[in-house]
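Comments concern the structure below.
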Protein chains: 2
Amino acid sequence: MSDFKVTVLGNGSAVPTAHQHPSSQIVKMTDMQLMIDCGEGTQMQMIKYGIKHRNLDHIFISHLHGDHYFGIFGLISTFHLFGRDTPLHLYAPSELKDLIGHQLRVSHTTLRFPLIFHSLEETGNKPLLVHKNYRVTTFPLFHRMPTWGIKISMKNEDLRIDKGFVASFNPTIEQILKIKKGEDFKSEKGVLFKNEEITLPPKPALSYVYCSDTAFNESLIQYLENATLLYHEATFDNTMEEMAAEKQHSTSEQAAQIAKQSNVGKLLLGHYSARFEDLSALLTQAQSIFPETLLSEEGKTYEIGI
Amino acid sequence: MSDFKVTVLGNGSAVPTAHQHPSSQIVKMTDMQLMIDCGEGTQMQMIKYGIKHRNLDHIFISHLHGDHYFGIFGLISTFHLFGRDTPLHLYAPSELKDLIGHQLRVSHTTLRFPLIFHSLEETGNKPLLVHKNYRVTTFPLFHRMPTWGIKISMKNEDLRIDKGFVASFNPTIEQILKIKKGEDFKSEKGVLFKNEEITLPPKPALSYVYCSDTAFNESLIQYLENATLLYHEATFDNTMEEMAAEKQHSTSEQAAQIAKQSNVGKLLLGHYSARFEDLSALLTQAQSIFPETLLSEEGKTYEIGI
């Protein structure tokens, strides 16, 4: 099982239904988790699907339509009431900072933990977050207000060691770690093995891209190219292309088209309009263009990579 | 079945649990419904329990702790997206007005319907709402910030007509309506019946009172006296009296005590702390003082009166 995966907490759009909550998801990595978007009720969805507060220190808000951020007030309040004292980093359009401040004043709340706000407008092309083996970057989407796509790339810098070599020469754990970092190896008999003789390149980098909300636009391909998993909105079906254009959303076919042109590994659809009782048409339409398409389901976890 | 009842949508306190949502309830009358408080997720609870938007034109917010108002943004947004064009009256502490305005600006929303804001600070002792046969008034509670109790009184001014008289003299519908309003009746043979000979007084007035959040204080009795049904917070149990005093909440026993001293008909407990997995101790403690106590359950509807 991969240690890079995403749990969908909400895949509805502006109006919730009995089965679709507003946007939110949790991206899990080895020792941490990130939240992307935080629609109303996200904290209840976390309880329902067993998402813990631990190691959740970074929240990204794609844009300021209510179905992507109305849950942030309650989540922050709950962190506070649970006695959190570690910093929470919030990456969002700048206007959210004042709105949260206003709400905290109105409810007479002085947070017990540092809330560190990062304005998406100010980060430009710089990665929002850089870690040993992953990085988070953003890019502009095409919606009715400033909206950001989010890309999480996970890179394992370690070389893969040749199994035949290990079986023959039985290096120690310490030696193996050094070889994975690029060092040569000298056997007990004094034979030198150059690093490139006994290693293979690192595993390919994995990446997850979140695109919601956006109209179809080919200029996104540069950011989506070769992503392992793409979550893309499919608010409408193919009969509603005009409405999608007007509201700057995508149809299922457009989501599949951008996935295909970007050569992604898999496509995960979401942000479904409340009008669909049955989502199978969205899936069929998308799969006719890009067969590796899945319908996201709330509460379900998707591996990013193998 | 009475046409005056309350459906509890959320009876949790500051932190939600798997079974307890933040405060909200719907009071239903013959041709209308009112909402009291609107915690996060209220619109999803409305969907879950089949509460329609129709005839919901008045929302009351008791105070500005998040668990009593974080759902108002999403509910207003959903009304807007559903194309509502009739006025919505919001009765709340004045600071909520600016906060809603701020949120609407941030999310680029111009409401399609008139949102008519009534500051609770400004209404003083005047009823918030007066209708043919009910009225809504507020009174101050004892909490860490300005907080209002809400009382809905339903009065049927119509006299009750004597059934024996109806059977004997067979008055027309029109005559019955006039008698109920206090008119005398003249029979076909010209015999005059004075109104008081053929009627009984109107049914007793019914009233519902909502008290959340508040510390115990006997000065509340004047507002609670003889209420048909009292919803009262019982955030803590009797072992936590000190904490209740510090946080200006009530224990289950204090809720029962004020119900008893106010001679209410029934007491409905709510606003339970998330720490209780089992609520039966709260009930037992309250019933030892005031036997006519019930534990509120989410999604359940309680008759106000017979």
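Nothing in this text is a laboratory measurement; each read-out follows from the coordinates by a stated rule. Treat the numbers as computed from the prediction; the structure is a model and nothing was measured. Please note: Cβ atoms are built from the backbone with ideal geometry, for glycine as well, and neighbour counts cover all protein chains shown.
Antiparallel versus total DSSP beta bridges in segment A:50-199: what percent is that, nearest 5?
Working: 12 of 20 bridges.
Roughly 60 percent of the DSSP beta bridges within segment A:50-199 come out antiparallel.
For the pair segment A:6-26 / segment A:44-94, the C-alpha centres are spaced 15 Å from each other. With neighbour counts taken as other beta-carbon atoms within 10 Å, the residues B:GLU197, B:GLU292 rank, fewest first, as B:GLU197, B:GLU292. Dipole magnitude for segment A:160-200: about 80 debye, using +1 per Lys or Arg Cβ and -1 per Asp or Glu Cβ, origin at the Cα centre.
Taking the Cα centre of chain B as the origin, how large is its charge dipole in debye, to the nearest 20, when only Lys and Arg (+1) and Asp and Glu (-1) carry charge on their Cβ atoms?
Values: 29 positive and 35 negative charges, 229 e Å.
Dipole magnitude for chain B comes out near 1100 debye.
Among chain B residues, the one whose Cβ is nearest the axis of the rotation from B to A, given with its distance rounded to whole Å, is B:GLY41, 2.
Is chain A best put as rounded, prolate or oblate by its Cα gyration tensor, with a ≥ b ≥ c the root eigenvalues, rounded for a/c under 1.5, and otherwise prolate when a/b is larger than b/c, oblate when not?
Values: a/c = 2.28, a/b = 1.45, b/c = 1.57.
Verdict is oblate for chain A.
Distances from B:LYS48 to itself in the other copies, using label points 7 Å out along the Cα-Cβ axis, amount to 0.8 nm in increasing order.
Debye sum, Cα scatterers, segment B:225-280, no solvent: what log₁₀ I/I(0) at q = 0.13, 0.16, 0.17, 0.24 1/Å? These q points yield log10 I(q)/I(0) values of -0.31, -0.46, -0.51, -0.90.
Only the Cβ atoms of Lys and Arg (+1) and of Asp and Glu (-1) were treated as charged; on that basis the dipole of the protein assembly as shown about its Cα centre amounts to roughly 60 debye.
Segment B:160-200: percent of C-alpha pairs farther apart than 17 Å? When all Cα pairs of segment B:160-200 are counted, 12 percent exceed 17 Å.
Within chain B, DSSP assigns beta bridges of which about 55% are antiparallel (rounded to the nearest 5).
Could you pull out the pairs from A:LYS126/A:LYS203; B:LYS48/B:LYS181; A:LYS126/A:LYS180; A:LYS5/A:LYS247 whose alpha carbons sit more than 32 Å apart here? Walk me through the numbers before you get to the answer.
Numbers: A:LYS126/A:LYS203 25 Å; B:LYS48/B:LYS181 42 Å; A:LYS126/A:LYS180 29 Å; A:LYS5/A:LYS247 30 Å.
Flagged as over cut-off: B:LYS48/B:LYS181.
For B:GLU174, inter-copy separations between label points set 7 Å beyond Cα along the Cβ vector come to 10.9 nm, shortest first. Sorted from shortest to longest, the distances between the A:GLU297 label points of this copy and the other copies are 2.9 nm, with each point 7 Å from Cα along the line through the beta carbon. For segment A:195-200, backbone phi angles converted through the Karplus equation (6.51, -1.76, 1.60; θ = phi - 60°) give residue-by-residue couplings of 3, 5, 6, 10, 10, 10 Hz, Gly and Pro being listed as x. Going by neighbour counts of Cβ atoms within 10 Å, the residues B:SER280, B:SER62 line up, fewest first, as B:SER280, B:SER62.
Go ahead and estimate [θ] at 222 nm for chain A from helices alone: -39,500 (n - 2.57) per DSSP H run with n ≥ 4, summed, over the residue count, rounded to 500. Please report the intermediate quantities before stating the final value.
On the way: 11 runs with 81 residues, N = 306.
Mean residue ellipticity at 222 nm (helix-derived): -7000 deg cm²/dmol.
Here's the list of aspartates and glutamates a cross-link from A:LYS163 could span, going by alpha-carbon distance under 13 Å and ignoring same-chain residues fewer than 8 apart: A:GLU197. Which shape class, rounded, prolate or oblate, goes with segment B:123-250 when its Cα gyration tensor gives a ≥ b ≥ c as root eigenvalues, a/c under 1.5 marks rounded, and past that a/b bigger than b/c marks prolate? Prolate is the answer for segment B:123-250, as a/c is 1.5 or above and a/b outweighs b/c.
Only one residue of A:ALA286, A:HIS68, A:GLN103 has its Cα farthest out toward the positive end of the dipole of chain A, where Lys and Arg carry +1 and Asp and Glu -1 on Cβ, and that residue is A:GLN103. For B:ASN195 and B:PHE82, the difference between the fully extended length at 0.36 nm per residue and the C-alpha to C-alpha distance is 35.7 nm. Between the alpha-carbon centres of segment A:250-268 and segment A:269-306 there is a gap of 11 Å.
Which of B:LYS163, A:LYS300 comes first, and how do the rest follow, when ranked by fewest Cβ neighbours within 10 Å?
Details: B:LYS163 9, A:LYS300 14.
Ascending Cβ contact count within 10 Å gives the list B:LYS163, A:LYS300.
Between A:HIS118 and A:LEU90, A:TYR91, A:ALA92, the built amide H atoms are under 5 Å apart, and every one of these is 5 or more places off in sequence or on another chain.
Under 5 Å between amide hydrogens, built in the peptide plane, is the criterion, and for B:LEU9 it picks out B:SER24, B:GLN25, B:ILE26, B:GLY299 among residues at least 5 positions away or on other chains.
Dipole of chain A (Lys/Arg Cβ +1, Asp/Glu Cβ -1, origin at the Cα centre): which of A:ILE116, A:ALA167, A:LEU129 lies farthest to the positive side? Of the candidates, A:ALA167 comes out farthest on the positive side.
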